[in-house]
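Note sheet for the following structure.
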Amino acid sequence: MARTEGTDGRPAAAGGASLAARSWVVVPSFNEAARLGAVLDGLVALWPNVVVVDDGSADPTPEVVRGRPVWLVRHAVNLGQGAALQTGLRFALERGAAFLVTFDADGQHDPADVAPLLAPLAEGRADFALGSRFLGEAPGIPWARRLLLRCAVLFTRVVHGPKLTDSHNGLRAMTRRGAEALRIDMNRMEHASQLLEQIHRSGLAWVEVPVTVRYTRDSLAKGQRTSSALKMAARLLLEKVLR
Amino acid sequence: MNLFQWVFVPLLVLSSALSLLRVLRGRVGRREGLAWAAGWGVAAALVADPGLSVRMGNLFGIGRGVDFVLYVSVIAGAYVALSLYGRSRRLEAALTEVVRQLAIEKACRGGDGPGASPA
């Protein structure tokens with residue numbers, strides 16, 4: 001099905017109803033004030049329902065958000081990206097979201113990739129659309145990061161099941177039914193793997209969609225270290241044993 | 001009895017008695033308190049009679065008493081660590097829920113929308 005534009009210039013779903021009006025973009029954010037403004041400006045041009053979940057930032061994140069037509073939900077303390085994501089999903093669901101998108105606040109993601117992610121959901125082909133930089137583009141990705149992500153893909157296949165090409169991409173979309181099937185209770189970076197496991201166990205259809213992930217010096221400086229990845233893997237295995 | 005036994009047997013017996021007292025006064029759960037009292041009591045018995053650990057180890061096919069005590073300590077330590085981990089996860093979940101509910105209640109929208117009004 002070809003994507004068309006609605007009368008407001010925003011992406012429309014089949015039947016002419018505004019996809020944008022029924023979609024919510026959730027942006028978890030922690031100390032990203034320097035880059036968040038540009039990210040939000042790119043999103044609000046196409047998507048009217050954007051919510052930033054400020055995960056206890058110590059920088060002027062609230063001021064950046066308040067100057068834009070965006071919802072702000074603030075955690076009183078830093079809980080982790082997983083917790084911020086679940087908060088944002090709950091907030092959007094309570095406001096009647098039919099489609100939900102998760103989008104990173106650090107400028108690595110391209111707002112133009114949101115519509116292609118929502119297309120298979122709007123067409124009814126899947127309940128989850130997972131962005132993949134390895135099907136799309138990843139300009140500037142260091143070889144060590146590429147290797148680490150490949151290892152993460154292998155880990156996900158062995159431990160959780162789904163055969164993906166990119167298992168740790170924060171750009172993803174889901175239907176309301178898909179979001180309601182998730183219950184993220186791992187607050188830190190392990191949430192990404194937990195989310196994939198829950199998607200796999202839900203039995204709902206998912207697809208991977210090519211997206212672009214841009215790497216800059218700032219985003220790499222703030223990204224996950226190899227030691228953090230090992231701790232994350234250990235904690236995931238421990239959770240699997242205990243549950 | 002040697003000096004170590006003279007010092008630690010009374011201390012361990014006292015610890016066991018205090019654990020029982022806390023159970024009787026309702027300051028700790030019955031199961032938890034009795035487990036602690038039993039643990040201190042076993043420790044006191046092992047210190048008072050070192051041959052006891054050898055006899056107990058032989059029951060399980062372990063020749064040396066100190067090996068038996070080491071193995072049991074490792075297993076007990078792992079159980080305690082996992083129990084504490086489970087408790088910390090439950091506390092984290094409770095804290096997360098409280099922070100989340102407060103955050104959603106106080107949500108607001110800025111810019112050109114309906115004004116900076118609460119959700």
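The values are calculated or read from the model by the stated rules, or taken from the named source; none is laboratory data. Only a predicted model underlies this, so the values are computations on that prediction, with no experimental measurement involved. Positions of Cβ are generated from backbone atoms using ideal geometry, with glycine treated the same way; all protein chains shown enter the neighbour counts. Calculation scope for accessible area: heavy atoms of the full protein, side chains included, ligands and nucleic acids excluded. Shrake-Rupley method; radii C 1.70, N 1.55, O 1.52, S 1.80 Å.
A few remarks follow.
- With θ taken as phi - 60° and the Karplus curve 6.51 cos²θ - 1.76 cosθ + 1.60 applied, the whole-hertz 3J(HN,Hα) list for the stretch B:87-100 is 5, 5, 5, 5, 5, 4, 5, 5, 4, 4, 5, 5, 4, 5 Hz, x standing for glycine and proline.
- Translational diffusion of the protein assembly as shown was estimated from the Stokes-Einstein equation, with Rh taken as the Kirkwood radius over Cα pairs; at 25 °C and 0.890 mPa s the coefficient is 104 µm²/s.
- The chymotrypsin sites (Phe, Trp or Tyr not before Pro) of the stretch B:55-115 meeting both criteria, a DSSP state outside H, G, I, E and B (loop) and at most 16 other C-beta atoms within 10 angstrom of the site's C-beta, are B:F60.
- Rounded to the nearest 10 Å², the accessible area of B:M1 at probe 1.4 Å: 130
- Summarising the amide proton neighbourhood of A:L135: residues at separation of 5 or more, or on other chains, whose placed amide H is nearer than 5 Å comprise A:V211.
- Portion, in percent, of the accessible area of the protein assembly as shown that falls on carbon or sulfur, probe 1.4 Å: 61
- With Cα atoms as the point set, the stretch A:59-123 shows a radius of gyration and Dmax of 13.4, 40 Å.
- Pairwise burial A:B, computed as accessible area of each alone minus the pair, summed, 1.4 Å, Å²: 2100
- Most mobile of B:V47, B:V80, B:V69 in a GNM of chain B (Cα contacts under 10 Å): B:V80
- For the pair B:Y79 and A:Y215, a Förster radius of 51 Å applied to the C-beta separation gives a FRET efficiency near 0.70, rounded to the nearest 0.05.
- Interface residues of the stretch B:61-100, defined as those losing at least 10 Å² of solvent-accessible heavy-atom surface relative to the isolated chain (probe radius 1.4 Å), are listed as B:L82, B:Y85, B:R89, B:E92, B:L95, B:T96, B:E97, B:V99, B:R100.
- Among A:L148, A:L19, A:L130, the residue with the largest mean-square fluctuation in a Gaussian network model of chain A, with springs joining Cα atoms closer than 10 Å, is A:L148.
- Top of A:V158, A:V207, A:V53 by mean-square fluctuation, Gaussian network on chain A, Cα under 10 Å: A:V158
- Linear extension gain, A:A234 paired with A:R157, 0.36 nm per residue minus alpha-carbon span: 26.1 nm
- Whole-number accessible area per residue in Å² for chain B, which is evaluated in the context of all protein chains at 1.4 Å: 70
- Rounded to 5, the percent of DSSP beta bridges in chain A classed as antiparallel: 35
- Exercise: per-residue mean of other protein chain Cβ atoms within 10 Å, A:86-94: 3
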